Structure formats: structure tokens, C-alpha cells
1. Need the full-extension length gain, Ser344 to Leu373, defined as separation in residues times 0.36 nm minus the C-alpha distance. One decimal, nm.
2. Would you work out which of Ile351, Gly533, Leu148 lies farthest towards the positive end of the dipole of the chain? Charges go on Cβ: Lys and Arg +1, Asp and Glu -1.
3. Using a cut-off of 16 Å between alpha-carbon atoms, which aspartates and glutamates can reach Lys464, once sequence neighbours fewer than 8 places away in the same chain are excluded?
4. What is the sum of charges around Gly433, taking Lys and Arg as +1, Asp and Glu as -1, for the other residues whose C-beta is under 9 Å from the C-beta of Gly433?
5. If you roll a 1.4 Å probe over the heavy atoms of the protein chains, what accessible area per residue do you get for the chain, in Å²?
6. What distance in nm lies between label points placed 7 Å from Cα along the C-beta direction at Ala279 and Val393?
7. At a 1.4 Å probe radius, carbon and sulfur cover how many percent of the accessible area of the stretch 73-233?
8. Suppose R0 equals 41 Å. What FRET efficiency, 1/(1 + (r/R0)^6) with r the Cβ-Cβ distance, do Val66 and Lys601 give to the nearest 0.05?
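The values are calculated or read from the model by the stated rules, or taken from the named source; none is laboratory data. On a predicted model such as this, the values are computed, not experimentally measured, just so you know. Note that each Cβ is placed from the backbone with ideal geometry, even for glycine, and that neighbours are counted across all protein chains shown. To get the accessible areas, we keep the full protein, side chains included, count just its heavy atoms, and leave off ligands, DNA and RNA. Shrake-Rupley method; radii C 1.70, N 1.55, O 1.52, S 1.80 Å.
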Amino acid sequence: MSKKREVQEYTIDTAAQTMIRRAEELGVDTAFSRADAMSPCNIGGAGMCCKQCGMGPCRLTKSGDVGVCGATIETIQARNLTRAIAAGAAAHSDHGRDMAFTLKAVANGQTEGYAIKDVAKLRRVASYYGIPIEKRSPEEIANDLADLYISQFGQQRGEVVPVRRAPKKRQERWKQLGVIPRGVDREVVEALHRTHIGDDQDYQHILQHAVKTAMADGWAGSMIATDISDILFGTPAPLLGQANLGVLKKDMVNVVVHGHEPTLSEMIVAASQDPEIIAYARAAGANGVQLSGICCTANEILMRQGIPAAGNFLHQELSILTGAVEAMVVDVQCIMQALVGLASRFHTKIITTSPKVKITGATHIEFDEHHALTIAKQILKLAIDNFKNRGEVHIPNEREDLIPGFSHEYINYMLGGSYRASFRPLNDAIISGRIRGVAAIVGCNNPRSQQDYLHTKVVRELLKQDVLVVQTGCGAIASAKLGLLLGEAGIDQVGPGLREVCETVGIPPVLHMGSCVDNTRILTVLTQMVEEGGLGDDIDQIPAVGLAPEWMSEKALAIATYCVASGAYVIFGGQSPIGGMPDRVEDSDKVLKYISQGWEKEYGGKLEFIATPEKMIEATLAHIDKKRAALGLPAWEPNKFGRSGDAKMLQVEALPLEKRRQAIYGLAAD
Ligand code: SF4
Ligand code: MSK
């Protein structure tokens, strides 16, 4: 058994600390205590165990060891990584597929409660693919787009269509390397085939297909999911939201939605505002229904509807420990099986809704888009009926305001205004050195590290260095809980150049861009930055880095791999799942080296695992500076900028009238 950590070592979030103490008082376990009790297997953890057939499992622990079939360590590691990427790509892409079927049903008037909310985005996306848009109704266009997108999953030959949206040079590179996906399902199936016993046994060749499979996620499945979510539920724009367990309300029926897909949660939002449901809640003695979210479902409804986030991945159990949650409604992905056992200690009902996910002991109310609003009301009534069973309640006070909703469309708009929307100001700010570079800090929590510490440490340090930060997924919620997603909060700790840009444009220095599938928005921003000009002609030339400091899911590995294939340097925290034991077993880090140096030669991007935040920051800044130098941009200087902006104007306004002129001219002369 590993050492039991102190509560402060589990998480830096004080609300989480309060609830973990409550769990300890009650004698119930959480992912934090289970992580202490469960030591990870060091052989499997290094990717050196294979259980692909009944002759194994084979554990390779000495130099020169091979499996019963003769498979080498690098073959086994490549297979393990490829299977993880295939599972991640499948999860995201199945989400995209369901969205495409919902769009088809909406276009044909077969759903209840949905509408096409963003017709402009529908027309724009349709026009990428040559779908006629003139003199056609939104439903006609949506029907054609849905058909095209549905076909991308089962397509057997050719190329998935969203890759056309990548920079031209990148598309040529992908063609030469043979990694443009033919169809989503085909690549996932082939990944499983190739990694079966007795198939592909050249690690680089196996990993080439891992890249192709990940591409089917980023440049197809996930991109389709984001496009359709925006079309059906609206493209996000900034609004005010709140995050952390303090959003739960003592006097209301608390319903927490958790998982990933926005289709049901959007309907639950609509149903919770229905007079019939409000009256039903009042009749039950509550002041209404308080909805909140966990994980990426939280992000989906937070950025479109302003529904508060109760927390990120490791808050799912903690929210139940408050005793204030009448129902937790889950769909797909990142849902812990431990929820049901924990909920049985309270009155909370765990309600599964996806035909793909049932949990033993949970209540299953299957979602069907044809009766979405009716089902959403049924779920809410069940939660309201449960209000009377509530026992002792312990809701922590912590909650922070945030401004989410920075879709790539909104970033484009805010930088230039509606008549001249463009990425020119962002590119110019990078070229001048006001912004040193861009970091996308994304991904999960992992109970094996201190919750939110790595995320927020890296975010804070990079901001001081004039690095603009964009975030998605549970990383975004980590920053939100610590108050880093509000314009004015912490702006005095942001580097002077970045601060000027934020004050001029009116944006926070950390932009919340959405859920895990919305990492494709980051691909779109990078593509548009290339197209704007001045930062090279491909994504790998932009001074940008992607980080997932607390990753844990297979989806994260798929995201990392499609970002690398797109030209990004990606840094993961924690242990590599294919790290080998190079100090004990010769050459067991061959695959680890290949996905760094080898992939960099091929794709211009690389994937590395770095354990400490200090080293992550160092590597990020070194990469950004290397890319700046390669573009011939001036080296970043910490004190070159910062003589304009709001802070300076406030100083000038405080001066006597006769001195303002001089101060202003002084500024202008600088
Ligand atoms: Fe062992 Fe080979 Fe079977 Fe893997 S595929 S379990 S290495 S015999
Ligand atoms: S929910 S995949 S824990 S980010 Fe998208 Fe969070 Fe990671 Fe799940």
C-alpha cells in the first residue's frame, strides 16, 4: 500500500479539502484515498506488459526480454499506446456521430425541444464543403450537412472532409506521410486489427496508424461534435458564470449533470426553467431547481447558458458528499463507478441516460432525442420527489465568478470587431513581442497528483511571462475555481505586454474555450493564425505549446496525438504510459524517444512527458522562444511593453491637468 497523503496534498482546492475531510469523518473512500490504497503496477505503467492474447499476459522486465510470441518491448508499447488512442478517438467520435444524428433528426422535424440556433454557423460550415446555401432553408442545409457528417464515420475510401480546413502545407505533409483518415470507424477498427496478436510488428509503422486514428478524432469526430453543438445550441460568446461546490443551493433541488454530451443537458436546462417544473419544485418545499455541471457537460452548458460548474473530474464524488444533491444525471465518459456506492450513503439518485452506459445499482432513464423535453422533465420530477429524503447538508462556501465562452468565432470578432474581424491583432501582438506565445493548457484531473496544482501553477507562471493561455476541459474549471478566468482577477500578475493586450481588447488573459471535443477550436485558431500571415505558413511554426499537466484519460492521449500531427509541441505531466524503465531495461524508452524526436522530424510536433511544473514551464518557454527565433521575430523582452493600457491611463487620470499632457506625450514618445 502507498503512503496515505494529507488532505492538503490531495488538492489545493479548499472546497475539495473540506469535502474530503467530511468523507474521512464518514469513513467513506474517494478517488483520492483509493489512489493511495492502489499502487500502480510499475511494469504496466511503463507500457511493458502485454495482454493481447491468451499466451500472456507477458511482462518484459529485463533487457532483451520478449513475449511468448516474440514481441519486443517497443512493439508492445506501440500497441498499448495505439489501443489507448483508438479508444480515446472512438469516445470523442461516437459523441460526434450522435450529434450528427441529432442534427439530421432536427432538420427533419423529428425531435422535441431542439431548434437550429446558429444559422450563420450552419451556413458557414456547409459552405466549407460546397453544400449549397443560397435560397435554402436552414433545415434543408442542415439535412445535407448531417448526411455528409454521418457519412464520415463509415466512409471506406478517400479522405474525411474536415481536413480540408487545415493549412494547405499541413495537408500536403499529411498526404506524404499517409495519415489522412479515410473514415473514422475504419481507422479505429484498423487500429484494433493491427494491434491484435500476430499483426503489425514494426513500432514506427504501428504508431503511424495511431496518428491516423487520432487525426480521425481531431480533424473529424471531435470537430464534427463542436460544429454541430454550436449549430444546434449556439456558438459560445462570453457570459458570466460561476464554479465550485458553493454553487449548490441549500434551499433548492440540486441536479448535477455530468459527462460530455450537451444534447440531454441542454434539454434539462430548458426543462428546469419551465413553469410546470418550478411549480412542482415549490410544491415539494424547494425554491426551484438548481442545475450545475461536472466535467465537460459542465463546460457545454456553462459556456452557452451560464449554468454554474460544480467542479471538475475529481469533484464528482465530492458533490455527492455535500448531501445536497438530489440527482446526478450522467451520460458518457469520465463517470466513476464509485458514484453509486457513495450515493447509497446519501439520498442522491444516480441516473444513467445513455444507451451506451448503465451502472449497476443506478436508475436508468434512457435518453431519446425524439422525446427529449419530456424525458428531461421526467428526470427533474424524480429529483424533486427526492428532495424530501435529504438529510444533513454540508455545502462549502467556495465559488468563483468566471467568464467562459471564447469560441474561435468570438476570439476573431473581439480582436477586430464585427466589421473587420480577424486574427491580425493577435498575430501582431505576437510578432511585436507583447505576447510571447500561446499555451493551450487542457485536460483532466488525476488523483495521483495534487488536484488543480499543476494546472494553475503552470497557468500562473506562463501568464507572468506574457504567454496568452487558452483552456478547455477540466483544466479550464481548475482555473475558474481559482478565479483566473475573470478579466480583472490577477491581471496585476500578468506580464506587462500581455496585460496591455488584454486591457486594450477587453479579454481575460486566460480564455475558456470549452469542453474536450472543443480542443478542435484550438486547431481552428492556429489555422486562422497561419492564414492571417506573419507567423509562417504552417502550424508548427507558431510559437505555441499544448499542455495537459494532470491528464488521465485515453481521450487525452488521442488529443495529444492529433495536436502533434497538426504540428504542436505537447507536454503531458505525470508518468508516460509507454515510458519504459531505461535505467534498468536497455532501449525500453525507444518509443518514448520516437514520439518526441521521431515525430518532430515527421510532423514538426512532438509529445513529451515532464513530471514537474518548473520543467514544463521551462520547456514551454524554450519552445516558444525557439519558434520566435526561427520566424525571425524579436526576442521577447520582459520590460519592453506595458507603458499603455488601462493601468497607465488610470495613473494619468490621477495626475493634475497640467501634468497629464506631458505624461501622455511621454507615453507617446516611448
Ligand atoms: Fe504475450 Fe505476444 Fe500474447 Fe502479447 S501477443 S500476450 S506478447 S504472447
Ligand atoms: S471531462 S477527459 S476528465 S478533461 Fe472532458 Fe475532464 Fe479529462 Fe474527462
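1. Value of the extension gain: 7.6 nm.
2. Value computed over the given set: Gly533.
3. Straight-line reach from Lys464, under 16 Å: Glu488, Asp492, Glu500, Glu503, Glu614, Glu618, Asp625, Glu637.
4. On the way: positive: Arg434, Arg436, Arg628, Lys640; negative: Asp466, Glu637.
After counting each charged neighbour, the total is +2.
5. Working: 25070 Å² over 670 residues.
Heavy-atom SASA per residue in the chain reads 37 Å².
6. 2.4
7. 50
8. On the way: r = 28 Å, r/R0 = 0.67.
Once the sixth-power term is evaluated, E becomes 0.90.
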